[in-house]
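J.: Below is a structure I'd like to ask you about.
The values are calculated or read from the model by the stated rules, or taken from the named source; none is laboratory data. Worth saying up front: this structure is predicted, and the values here are computed from it rather than measured. Glycine gets a Cβ as well: all are built from the backbone with ideal geometry, and neighbour counts include every protein chain shown. Calculation scope for accessible area: heavy atoms of the full protein, side chains included, ligands and nucleic acids excluded. Shrake-Rupley method; radii C 1.70, N 1.55, O 1.52, S 1.80 Å.
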Amino acid sequence: MHRLAWLMMAAAAMAQPPAEIPERFSFEEGRIRVLILTGRNNHDWRATTPLLRAALEAAGRFDVRVTEEPAGLDEKTLRPYHVLVSNYCGPRWGAAAEAAVEGFVRGGRGLAVVHAASYPFGGLEVLGEKMTRTGVREPAWPAWGEMVGAVWSAGEPRTGHGRRHVFQVEWKDAEHPVAAGMRPFLISDELYNNFRLKPGNVVLAEAFDDPAQGGTGRREPLLWARRYGSGRVFHTALGHDTDAMRTPGFLVSFVRGVEWAATGAVTLGTRLDLNPKDPDAVRVLLVTGGHDHEASFYEVLEGHRDIRVNVDPHPVAFRHDLRKLYDVLVLYDSIQVEHLPESHRENLRAFVESGKGAVLLHHAIVDFAGWEWWWREVAGGLYVLQAREGMPASRYLHDVELVVEPVGGHPITRELPPMRLFDETYKGVWRRPDVVPLLRTTHPTSDEVIGWVSPYAKSRIVFLQPGHGRETHELPWYRRLVRQAVLWAAGR
Ligand SMILES: [Zn+2]
Ligand SMILES: [Zn+2]
């Protein structure tokens, strides 16, 4: 289509009022729809909100959205949701948004309140003239305290907390769905005390507030559940920061509390793993050593659920028979054969001859110049450090901006677009003519083929030349390229 015609059509479309988006297109089928209210807090909401979201998503039952401007909410924007999570402590939201939130909960939906969100919009209005004569910091929006099930008091005994310390959270009501089956847990957190509780709370968990830590010497209620209108509210006083929130007891009680607030029942288990292990993950031995590199390299192999990586650097990486322990070797090392004892060399040879896979990255193409079987048969290439008969020395250049074209049609390069890299280039690398190219560049300081599959028949051997420094390590494209190479090398 002509570009101008397209622009005119686009402009005409924008002038129309937006059509209602059918809910089935914007939410995952069958999930509990959660909206996290955040964006202001006297705590680090930029760190804690993504963790709350990750916990809910790891639980597998929720479709989670986040608003950082709750003041913009209204009845219509809240309509698709089953439950709100407040990780907010800041200015009032205004009459319309507050009425919408209150109506949402009263009308039968759920609310979960985390840590400082119980503080009644702790700001000027609360600390100023809204404080009552009895010293109770009644929120300027009293319905919030009714929903939460408690308010803070500036009068004695003042609501607050002692020193942050490690304490044991004890479950109190084993009959409640949120608490059923839960074990006591230790947490490093602030232990909120002297809440002014509203009638109707079912206290789920409490902790002894140690006077030696500035506490009250009493057991303080920390987690509770309540009804508000025909809705349900779950409150947790825990969760000062991500260290507190990463406590398994916090995470699992939070997701169970949100589920209960949304549905009135709890189906989730009493364990929640943010990073569950995949028993079928490819077992990778990553070998480093012999060449310095930035620590960012380790991020390349982190966080892939289908890959489990151990690191063993030289000089002892190949001391064991590796065949039973690992599926794929990833070499980001630099070693010459003189530095490898005979028995270690045999372990490496046995691994690649057994049909296992190997991925050679970047400077690993310099390895084993004195072991011709390795570079001619296995790697399919060699960065030539010292010129020899028929093999001039290879060269390198740092800090090159280059364009890399993945060669299509191979599982390793599947769906990877051309990429701009800022990396080191190699030129004059000796390469077998019969490798299967994976990556190409036309940069004049580089060889044209900078990634390949070796023709070695006994196992799957991949070489990927990019990966010198942080600029490449941190690219999602590179992470994906290496992951796909590892999976392919493992025969997946
Ligand atoms: Zn706090
Ligand atoms: Zn390098």
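J.: Do we have any residue at all in the stretch 236-244 that's among the acidic types (Asp, Glu), within 20 Å of the chain's Cα centre (by Cα) and at pLDDT 95 or above?
T.: Checking the stretch 236-244: at least one residue is among the acidic types (Asp, Glu), within 20 Å of the chain's Cα centre (by Cα) and at pLDDT 95 or above.
J.: If you don't mind, another one. Any idea how many residues of the stretch 283-304 are within 19 Å of ASP327 (Cβ to Cβ) and open to solvent by less than 50 Å² (accessible area, probe 1.4 Å)?
T.: Total satisfying the criteria: 8.
J.: Show me the strands (runs of 3 or more DSSP E) found entirely inside the stretch 158-271 where at least 2 residues are in the same structural domain as GLU57 (by TED's automatic domain parsing) and within 16 Å of ligand 1 (Cβ to nearest atom).
T.: Output list reads 165-171, 185-189, 219-228, 231-236.
J.: A follow-up question, please. Any idea which of (1) more than 16 Å from ligand 1 (Cβ to nearest atom); (2) surrounded by fewer than 18 Cβ atoms within 10 Å (Cβ to Cβ); (3) modelled with pLDDT of 90 or more is the one ARG133 doesn't satisfy?
T.: (3)
Quick grid of which residues meet (1) open to solvent by less than 20 Å² (accessible area, probe 1.4 Å); (2) within 18 Å of VAL435 (Cα to Cα):
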{"position": "TRP452", "(1), (2)": "yes, yes"}
{"position": "THR472", "(1), (2)": "yes, no"}
{"position": "ARG483", "(1), (2)": "no, no"}
{"position": "LEU487", "(1), (2)": "no, no"}
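J.: Between residues in the stretch 389-401 that are on the phi > 0 side of the Ramachandran plot and residues that are open to solvent by less than 100 Å² (accessible area, probe 1.4 Å) and at pLDDT 95 or above, which pairs lie under 8 Å by C-beta distance while being six or more apart or on different chains?
T.: Here the result reads ASP399/PHE422; ASP399/GLU424, each pair linking the stretch 389-401 to a residue that is open to solvent by less than 100 Å² (accessible area, probe 1.4 Å) and at pLDDT 95 or above.
J.: Being more than 16 Å from ligand 1 (Cβ to nearest atom), buried (at least 19 other Cβ atoms within 10 Å of the Cβ) and assigned by TED's automatic domain parsing to the domain that holds SER296 is true for just one of GLN465, GLN386. Which residue is that?
T.: GLN465
J.: From the set of residues in the stretch 22-70 that are hydroxyl-bearing (Ser, Thr, Tyr) and closer than 15 Å to VAL83 by Cα, which is nearest to ligand 2 (Cβ to nearest atom)?
T.: By that ranking, first place goes to THR38.
Yes or no, residue by residue, for (1) open to solvent by 70 Å² or more (accessible area, probe 1.4 Å); (2) under 24 Å from TYR332 (Cβ atoms); (3) in contact (Cβ under 8 Å) with a residue 40 or more places away in the chain:
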| site | (1), (2), (3) |
| --- | --- |
| ALA261 | no, no, yes |
| ASP273 | yes, no, yes |
| ALA281 | no, yes, no |
| ASP306 | no, yes, yes |
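J.: Looking at the structure I just gave you, is GLU448 open to solvent by 10 Å² or more (accessible area, probe 1.4 Å), within 25 Å of the chain's Cα centre (by Cα) and among the acidic types (Asp, Glu)?
T.: no
J.: Would you confirm whether or not the stretch 367-374 contains a residue that is in contact (Cβ under 8 Å) with a residue 40 or more places away in the chain, in a helix (DSSP H, G or I), more than 16 Å from ligand 2 (Cβ to nearest atom) and farther than 23 Å from TYR478 by Cβ?
T.: no
J.: To continue, here is another question. Look at the stretch 197-241 and say how many of its residues are more than 27 Å from VAL105 (Cβ to Cβ) and in contact with a Ser or Thr (Cβ under 6 Å, 6 or more places away or on another chain).
T.: Within the stretch 197-241, residues that are more than 27 Å from VAL105 (Cβ to Cβ) and in contact with a Ser or Thr (Cβ under 6 Å, 6 or more places away or on another chain) number 1.
J.: Given the conditions (1) more than 16 Å from ligand 1 (Cβ to nearest atom); (2) assigned to a helix (DSSP H, G or I), and given that ASN275 satisfies all but one, which numbered condition is not satisfied?
T.: (2)
J.: For the stretch 440-454, what are the residues that are closer than 16 Å to VAL359 by Cβ and either more than 16 Å from ligand 2 (Cβ to nearest atom) or outside any strand (DSSP E or B) (or both)?
T.: TRP452, VAL453, SER454
J.: GLN484 versus (1) more than 15 Å from ligand 2 (Cβ to nearest atom); (2) over 22 Å from the mean Cα position of the chain (by Cα); (3) polar (S, T, N, Q): which is the lone unmet condition?
T.: Exception for GLN484: condition (2).
J.: Looking only at the stretch 415-424, which residues are of a type outside the set (A, V, I, L, M), in contact (Cβ under 8 Å) with a residue 40 or more places away in the chain and either in a loop (DSSP other than H, G, I, E, B) or under 20 Å from TRP375 (Cβ atoms) (or both)?
T.: Residues satisfying the conditions are PRO417, GLU424.
J.: For the stretch 32-73, name all the residues that are aliphatic (A, V, I, L, M) and either assigned to a helix (DSSP H, G or I) or modelled with pLDDT under 95 (or both).
T.: Within the stretch 32-73, ALA47, LEU51, LEU52, ALA54, ALA55, LEU56, ALA58, ALA59, ALA71 qualify.
J.: Which one of the conditions (1) in contact with a strand residue (DSSP E or B) (Cβ under 6 Å, 6 or more places away or on another chain); (2) hydroxyl-bearing (Ser, Thr, Tyr); (3) within 14 Å of TRP375 (Cα to Cα) does THR445 fail to meet, given that it meets all the rest?
T.: The single condition THR445 does not satisfy is (3).
J.: With respect to ARG219, determine if the residue is within 19 Å of ARG31 (Cα to Cα) and either open to solvent by 10 Å² or more (accessible area, probe 1.4 Å) or over 28 Å from the mean Cα position of the chain (by Cα) (or both).
T.: No: the conditions fail for ARG219.
J.: Follow-up question, since we're still on this one. Being within 16 Å of ligand 2 (Cβ to nearest atom) and either among the β-branched types (Val, Ile, Thr) or not assigned by TED's automatic domain parsing to the domain that holds ILE450 (or both), is that true of even one residue in the stretch 293-301?
T.: Checking the stretch 293-301: at least one residue is within 16 Å of ligand 2 (Cβ to nearest atom) and either among the β-branched types (Val, Ile, Thr) or not assigned by TED's automatic domain parsing to the domain that holds ILE450 (or both).
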